[in-house]
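Asks: Handing you a structure now.
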Amino acid sequence: MILILMGPPGAGKGTQAKRLVARYGIPQLSTGDMLRAARKSGSPLGQKVAAIMDAGELVSDDIVIALIEEKLDGSEASEGAILDGFPRTTAQAEALDAMLSSKGRAVDAVLSIEVSDDDVVRRNSGRRTCPTCSTSYHVEFNPPRAAGVCDNEGAALVQREDDKPEKIQARLAAYHRDTAPVLAYYQPQGLVKPVDGVGSIDDVFGRLTAAIG
Ligand code: AMP
């Protein structure tokens, strides 16, 4: 099963992907997480993408396509995958189709989590992440038990550089410019399932599993 999770930054893709992993037993492949890991390791790739990510812009298609191809080829994704944050451009969607069809596989569903621009700003500016285990919190909607501290690790939570207010606008613009056309790409194939992203994490998860069927 190949599922694609789409939606603007802060729609809850990462949070919902982790729940879907637990439900369906297939891995989450997040290009954003892969790129952040590359940065943390200080690899040449990480150094190359750092400035682009901090500006809230998209890194080049060939970089993320190569990252996804490597994972889809691995044994971990032999039963399927939940793609989170990929494809983000029509060129990436075309590359994904080509790599899947060469292996006799195909996308099963494109789940589009819908959230208004105002909610995107509210959600991203309040998001805090554990630098150790990557658990995501929100200062208002999903706070940790003790303010500013991860429930699991006890580590001090951090705000992603690209969640700073001026960067959120750039990411939203990139989403509307580059990613919305990806939905148009999948529409004629009947794969797009719109899911209301407003409500509790449980509410949205219930809608997603109902859409997957
Ligand atoms: P995310 O965690 O999915 O919001 O991704 C964080 C940042 O990583 C984005 O703002 C982009 O700079 C970069 N990125 C992640 N996935 C992609 C992708 N599929 N195409 C291009 N850039 C990406």
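The values are calculated or read from the model by the stated rules, or taken from the named source; none is laboratory data. Note that the structure is predicted; figures quoted are calculated from it, not measured. Please note: Cβ atoms are built from the backbone with ideal geometry, for glycine as well, and neighbour counts cover all protein chains shown. The protein model used for the area step is the full one, side chains on, heavy atoms only, and it has no ligands, DNA or RNA in it. Shrake-Rupley method; radii C 1.70, N 1.55, O 1.52, S 1.80 Å.
Asks: If the Cβ limit is 7 Å and pairs must be 6+ apart or interchain, which residue in segment 136-165 that is more than 22 Å from residue 32 (Cα to Cα) pairs with which residue that is of a type in the set (Lys, Arg) and part of a loop (DSSP other than H, G, I, E, B)?
Replies: 151/145
Asks: Is there a residue being under 21 Å from residue 8 (Cα atoms) and in contact (Cβ under 8 Å) with a residue 40 or more places away in the chain anywhere in segment 57-76?
Replies: yes
Asks: Quick check: is even one residue across segment 150-165 within 20 Å of residue 96 (Cα to Cα) and either open to solvent by 50 Å² or more (accessible area, probe 1.4 Å) or more than 15 Å from the ligand (Cβ to nearest atom) (or both)?
Replies: Within segment 150-165, none of the residues are within 20 Å of residue 96 (Cα to Cα) and either open to solvent by 50 Å² or more (accessible area, probe 1.4 Å) or more than 15 Å from the ligand (Cβ to nearest atom) (or both).
Asks: How many residues are touching a residue at least 40 places away in the same chain (Cβ under 8 Å) and either closer than 17 Å to residue 76 by Cα or more than 10 Å from the ligand (Cβ to nearest atom) (or both) if we restrict to segment 12-23?
Replies: Residues that pass the stated criteria total 8.
Asks: Quick check, is residue 145 open to solvent by 60 Å² or more (accessible area, probe 1.4 Å) and touching an Asp or Glu at 6+ places or on another chain (Cβ under 9 Å)?
Replies: yes
Asks: What number goes with the only condition from (1) away from the ligand (no atom under 13 Å from the Cβ); (2) surrounded by 15 or more Cβ atoms within 10 Å (Cβ to Cβ); (3) at pLDDT below 95 that residue 32 does not pass?
Replies: Of everything listed in (1) away from the ligand (no atom under 13 Å from the Cβ); (2) surrounded by 15 or more Cβ atoms within 10 Å (Cβ to Cβ); (3) at pLDDT below 95, residue 32 misses just condition (1).
Asks: Also: Restricting attention to segment 101-112, does a residue exist that is open to solvent by 60 Å² or more (accessible area, probe 1.4 Å) and at positive phi?
Replies: Taking every residue of segment 101-112 in turn, at least one turns out to be open to solvent by 60 Å² or more (accessible area, probe 1.4 Å) and at positive phi.
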